[in-house]
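The values are calculated or read from the model by the stated rules, or taken from the named source; none is laboratory data. Values in this document were obtained by computation on a predicted structure and should not be read as measured data. Here Cβ is always computed from backbone atoms with ideal geometry, including for glycine, and neighbour counts include all displayed protein chains.
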């Protein structure tokens, strides 16, 4: 085809040159010779003939049968070349040659197709195998799509761990072993090819089970067609997505589909005949915890079933009189209902073997001070044997005893199963064991009067106070509070204090005052924690001034500092006291601080064992917070008065003294400091 195209192009080029030369060198038409006298003819010059008929020389030439006349611009567009100085040349070309030129031009202008993403793709692989104890022989059929038009392509097929017996390849293809894999090499163009390989795989035997495994190349689809020359065989194919098994002609055949890149891994053995179905046999063991509250018994029971022979989908429990079921929990529970004093638990699928059911229930006992109630325990229905343990705890101020036992045995609490003991943090008061079909435990309940107990406590209080040379004090008190149900924290404040800010659990609040002039700080209820109620902080910032604002403290003397007094007990009361660094605060002829009062001067605060949620006491951090609070208050006052805010400096670099007291019970708290050297320099 390429030779013919070049022939056409050469002919076209010659025709163009000849046509152009003919137009350039052709002499003007000569008038025809005069006819002889007597002939009926009209003699016209060529120019006159064109004027009379309106035909040009090109029109006459175009009327030649089966030819086309093309302008030189059209010829250049078809050929994709450009030749200079041709002039007004035109080309006459027969139809067949024009058609060949046109098709060639279209083919040349067609854009190149993008390269394929891969050279080849294995579209399907089928492995038909005959399995036996001595080995397995497979016939693998691969259908391969070749996408790359040119060059050699290499297609991996099977690992070198198999033994190839024969191979059928397309014409021009070759088989080679490279990097532990058998590969097919072919230079075929784009299209579909098929490769068939017969190979053998070794079979392993262990404990009566035969197995084999070999890797394979990924393919879009992979199908196994296996045959074992005997019946009653179970074949397990690892990773198979669908398996179809049938027995015919004394052989077992299995067809399976594999994921794209999964290896062929299978095992087979003689099938175990199905046992004859017999009715299920159930055994039950229970662990019951009964909690005695005010007028109610709450039970949590765990029933461990052991189901033999045949699976079951419904489990039944018999309920004692007056029991209401609150919750049923277990794996695969579909639904549960109570009918005719029986709890029916429907499962989503049959269960066999061990199965655990957890049930929560309650029974009302009345509000009388002294009473008796039969200990409620759920009993399994349709079981061969049931045994169990029972533990009793008290959730209220009640005294428990069991004067009457029928069919049950009282045991030491330590003999209860560990799982039962771990279900409660309350002390187990009574413990029993039963193995009989029927039993009755009469529980005697005697209720006692409640005694008021502490509902709010302050685990720790940290007071940071700063004294200035002009007689002013700024104090920040942080109380770590656990509150059950009190509404306010009541604080007796020193006389003449001005409260700057207050917050509870990080939120700003507005305190109030009661009739006794105590500050009332609204409290929140503590959240529950693993070890009890959690503590939350209550913060108060206030400032104290001298009665005579113009008077200054004497250069030496005694400074009396009163501290806030809480109505609730404080386990650990701590004070960070900052005094002006210019002063001297030691006793005469001693290095001991001249500080008196109910608090003790210490170098470091003690760490109390058992104080919940106690914050870390950082004196410098508390002092910086006081400095920021004082500056914010000064800025707010200056802004309200329309003045420029000034910098407030507190003696955070003064001398620090630490004082503490363990267990403060609504008692006066104060500090008396003997000082000297307060002269301003």
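Exactly one of (1) touching a strand residue (DSSP E or B) at 6+ places or on another chain (Cβ under 6 Å); (2) surrounded by 13 or more Cβ atoms within 10 Å (Cβ to Cβ); (3) at pLDDT 90 or above is unmet by residue 421. Its number?
Residue 421 satisfies all of (1) touching a strand residue (DSSP E or B) at 6+ places or on another chain (Cβ under 6 Å); (2) surrounded by 13 or more Cβ atoms within 10 Å (Cβ to Cβ); (3) at pLDDT 90 or above except (1).
All but one of (1) surrounded by 14 or more Cβ atoms within 10 Å (Cβ to Cβ); (2) in contact (Cβ under 8 Å) with a residue 40 or more places away in the chain; (3) not assigned by TED's automatic domain parsing to the domain that holds residue 661 hold for residue 426; which doesn't?
It is condition (1) that residue 426 fails.
When you scan the range 555-573, how many residues do you find that are in a loop (DSSP other than H, G, I, E, B) and either surrounded by 14 or more Cβ atoms within 10 Å (Cβ to Cβ) or free of Cβ contacts under 8 Å to residues at least 12 places away in the same chain (or both)?
Count: 6.
Since residue 196 meets every condition but one in (1) in contact with a strand residue (DSSP E or B) (Cβ under 7 Å, 6 or more places away or on another chain); (2) closer than 21 Å to residue 134 by Cα, which condition does it not meet?
Only one criterion in (1) in contact with a strand residue (DSSP E or B) (Cβ under 7 Å, 6 or more places away or on another chain); (2) closer than 21 Å to residue 134 by Cα is unmet by residue 196, namely (2).
Could you check, for the range 363-381, whether at least one of its residues is under 21 Å from residue 424 (Cβ atoms), without any contact (Cβ under 8 Å) to a residue 60 or more places away in the chain and surrounded by 12 or more Cβ atoms within 10 Å (Cβ to Cβ)?
No - not one qualifying residue is present in the range 363-381.
Please go through the range 330-347 and pick out each residue that is within 10 Å of residue 319 (Cα to Cα) and not in a strand (DSSP E or B).
Selection gives 340, 341.
Determine whether residue 353 is closer than 21 Å to residue 298 by Cβ and either out of contact with any strand residue (DSSP E or B) (no Cβ under 7 Å at 6 or more places or on another chain) or modelled with pLDDT under 95 (or both).
Here the answer is no, as residue 353 does not meet what is asked.
Please give the strands (runs of 3 or more DSSP E) falling wholly within the range 195-306 in which 2 or more residues are assigned by TED's automatic domain parsing to the domain that holds residue 441, more than 20 Å from residue 139 (Cβ to Cβ) and in contact with a helix residue (DSSP H, G or I) (Cβ under 9 Å, 6 or more places away or on another chain).
281-293
Under the condition of being in a loop (DSSP other than H, G, I, E, B) and in contact (Cβ under 8 Å) with a residue 12 or more places away in the chain, which residue from the range 399-423 is farthest from residue 382 (Cα to Cα)?
412
Could you figure out which of (1) assigned to a loop (DSSP other than H, G, I, E, B); (2) in contact (Cβ under 8 Å) with a residue 60 or more places away in the chain; (3) more than 16 Å from residue 301 (Cβ to Cβ) isn't true of residue 437?
Of (1) assigned to a loop (DSSP other than H, G, I, E, B); (2) in contact (Cβ under 8 Å) with a residue 60 or more places away in the chain; (3) more than 16 Å from residue 301 (Cβ to Cβ), only one is false for residue 437: (2).
Kindly provide the set of residues from the range 101-124 that are over 15 Å from residue 80 (Cβ atoms) and surrounded by 10 or more Cβ atoms within 10 Å (Cβ to Cβ), ordered by number.
Of everything in the range 101-124, those that are over 15 Å from residue 80 (Cβ atoms) and surrounded by 10 or more Cβ atoms within 10 Å (Cβ to Cβ) turn out to be 115, 116, 118, 119, 120, 121, 122, 123, 124.
Among residues belonging to the range 534-566 that are farther than 23 Å from residue 581 by Cα and at pLDDT below 80, point out the one that is nearest to the chain's Cα centre (by Cα).
Step by step, filter the range 534-566, then rank; the result is 547.
From the set of residues in the range 175-186 that are modelled with pLDDT of 90 or more and farther than 17 Å from residue 199 by Cβ, which is surrounded by the most Cβ atoms within 10 Å (Cβ to Cβ)?
In this case the residue turns out to be 186.
With surrounded by 18 or more Cβ atoms within 10 Å (Cβ to Cβ) and either under 32 Å from the mean Cα position of the chain (by Cα) or at negative phi (or both) as the only criterion, which of 337, 332, 300 stands out?
Sole residue among the options that is surrounded by 18 or more Cβ atoms within 10 Å (Cβ to Cβ) and either under 32 Å from the mean Cα position of the chain (by Cα) or at negative phi (or both): 300.
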